[in-house]
Structure formats: structure tokens, C-alpha cells
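Student: Submitted below is the structure of interest, expressed as C-alpha cells.
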Amino acid sequence: MCGGRMEDIPCSRVGHIYRKYVPYKVPGGVSLARNLKRVAEVWMDEYAEFIYQRRPEYRHLSAGDMTVQKELRNRLSCRSFKWFMDEVAWDLPKHYPPVEPPAGAWGEIRNAGSNMCLESKHVVSGSPIRLENCVKGRGEVSWSHGQVFTFGWREDIRVGDPMHTKKVCFDAISHNSPVTLYDCHGMKGNQLWRYRKDRSLFHPVSNSCMDSSPSERRIFMSTCDPSSPSQQWLFERTNATVLDHFNSGTN
């Protein structure tokens, strides 16, 4: 934006050696949010509004005096942030859209046969998805528990509600494999799912469907059987238009 350049050096390596203690004081509270707002206000122009849409609490946060920083940008005749997005980071919205596209389905995922719900007790990569008694049946109503999932615009299933998803996704390796959480990579593959009209969760890579064993509380992949209640899943909320768009690319 100001006449400099960034170089991508594929063979470069960056290392970080962590100390056993921090020899300086780390600011607490809203320091990080304050710094992010300062960056947005000085450099992002109208794009700062996207920050406030995702983080409404930043809008009225005091960012301090930014006169010196804005004068520096003006003195260097820096280009607009729109120029940066159009000419430098033109592919960024494809992977990180400024406005989060609507999800296809979200909330609890209840099995039609057992009336039990999918649950992620440990939100860490490698942990299995289990079948448990539904939280709503236990008198809990919070959206922060481990039975809230989002089938989002990347066509993967993530832990959390649409505005607060975690970076772990439903992942399956092959036919008969368990369904586990794995770090989201956004490359579809093992993390690509289809929620079909017969209420099955189809996994194109393994050409199989998500199945369940209520007695063992296991979730695993199996040969698709539209008549099997153990393979029928009910999302708490769905967006039919988005789901139709997801499924339009399938045979």
C-alpha cells in the first residue's frame, strides 16, 4: 500500500525458541482487541466495517489517539485498502469471506433411530465423535456445549454454532472407519459431507454414510442404507436453499 513489497521465499525457515519464563509484562484485558482496532482504523478504510460486524464489541472500544499513524499513511501517499484487496490479496475472500456465508445446517444432530445426539466431549484433533443422550433432554439449553455443530459454507461440519465454530472438523478416512475430529483444512477430501434428502450424512470420499451404534455409542462409516434409522440424522436447524446448493454438485 505504501510502495514496499512482500516476498514469498519457499525455502526459508523460521524458528521460535520459547523461554521458560516471560521477562516482560504481557498486557491483559482488551489490549489485543485495542491493537486490532487500531490496525483496522488506520489501514482498512471501509473494510473495517467487516471487523465490527464479526466483533461488535470492538465498535465502541477506545483505540486511543491514532493521529500520528494516520499522518504517516497520508505522508507516504499509501494506496487504499481496496487497492490492496483487489491487486495483492485478490484471492483472500475465496478462503476468508468478509461476510460469513450462511450455513446449510446447525445446532444439535439427532439420530432418528435412537433419539440420541452426536457429541464431541473433547474438542481436540483425534478425539472421536460419540452418540450420547441429547443435552436438551438433560435440561441444558446452552449453545456452548459439545452437541452444537455447524455444516457450513466449506461443506464441512465444525464444532460450535455458525458464529463461533472451532477449528476442528468431522473427518473419516474410509468405509467402516470411525468419525473423528481433525484440524479443519478447508480442502474438502476427508472432511467433505453431504446432507441428503433421505436425511443421511453422505461422505463422498469413502462413498459411505455416517452410521451409529446406540449400545456402543459409536459413530462410524458404513454402506449407505436409506431405510436404516441409524443412518438418519436430524439437524436442529436447516437452510434448504444452501443445502440444495451444496447437493447440486453431486450425482
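Student: I need the full set of residues from the range 149-195 which are at pLDDT below 95 and among the basic types (Lys, Arg), in order please.
Tutor: 154, 166, 167, 188 - these are the residues of the range 149-195 that are at pLDDT below 95 and among the basic types (Lys, Arg).
Student: Do we have residue 64 as at pLDDT 90 or above and at positive phi here?
Tutor: Working: at pLDDT 90 or above: yes; at positive phi: yes.
So residue 64 passes the test.
Student: Is there a residue being in a helix (DSSP H, G or I), basic (Lys, Arg) and either at pLDDT 95 or above or surrounded by fewer than 14 Cβ atoms within 10 Å (Cβ to Cβ) (or both) anywhere in the range 86-94? Steps first, please.
Tutor: Here is the first cut: in the range 86-94, the ones in a helix (DSSP H, G or I) are 86-88, 92-94.
Keeping just the survivors that are basic (Lys, Arg) gives 94.
In the following step, the residues that additionally are either at pLDDT 95 or above or surrounded by fewer than 14 Cβ atoms within 10 Å (Cβ to Cβ) (or both) were identified as 94.
Scanning the range 86-94, I find at least one residue that is in a helix (DSSP H, G or I), basic (Lys, Arg) and either at pLDDT 95 or above or surrounded by fewer than 14 Cβ atoms within 10 Å (Cβ to Cβ) (or both), so the answer is yes.
Student: Separate question: Answer with yes or no whether residue 3 is at positive phi and in contact (Cβ under 8 Å) with a residue 60 or more places away in the chain.
Tutor: Details: at positive phi: yes; in contact (Cβ under 8 Å) with a residue 60 or more places away in the chain: yes.
Judged against the criteria, residue 3 is a match.
Student: Then there is this: Can you find even one residue in the range 212-223 that is under 22 Å from residue 107 (Cα atoms), in contact with a Cys (Cβ under 8 Å, 6 or more places away or on another chain), at pLDDT 95 or above and assigned by TED's automatic domain parsing to the domain that holds residue 122?
Tutor: Yes.
Student: Out of (1) under 26 Å from residue 97 (Cα atoms); (2) surrounded by 10 or more Cβ atoms within 10 Å (Cβ to Cβ); (3) of a type in the set (Lys, Arg), the odd one out for residue 70 is which?
Tutor: Here residue 70 clears every test but (1).
Student: Which pairs turn up if I take residues in the range 169-198 that are basic (Lys, Arg) and look for partners that are surrounded by fewer than 23 Cβ atoms within 10 Å (Cβ to Cβ) and part of a loop (DSSP other than H, G, I, E, B) with beta carbon separation below 6 Å, at least 6 apart in sequence or on another chain?
Tutor: 194/250
Student: Let me ask something additional. Within the range 31-83, count every residue that is β-branched (Val, Ile, Thr) and either touching a residue at least 24 places away in the same chain (Cβ under 8 Å) or not in a helix (DSSP H, G or I) (or both).
Tutor: The qualifying residues number 1.
Student: Here's something else I'd like to know. Test residue 35 against the criterion of being assigned by TED's automatic domain parsing to the domain that holds residue 186, surrounded by 11 or more Cβ atoms within 10 Å (Cβ to Cβ) and on the phi < 0 side of the Ramachandran plot, and give yes or no. Walk me through how you get there before you give the answer.
Tutor: Values: assigned by TED's automatic domain parsing to the domain that holds residue 186: no; surrounded by 11 or more Cβ atoms within 10 Å (Cβ to Cβ): yes; on the phi < 0 side of the Ramachandran plot: yes.
No: the conditions fail for residue 35.
The values are calculated or read from the model by the stated rules, or taken from the named source; none is laboratory data. Keep in mind that what you see is a predicted model, and the values were worked out from it rather than measured. Ideal geometry is used to build each Cβ from the backbone, glycine not excepted, and the neighbour counts take in all protein chains shown.
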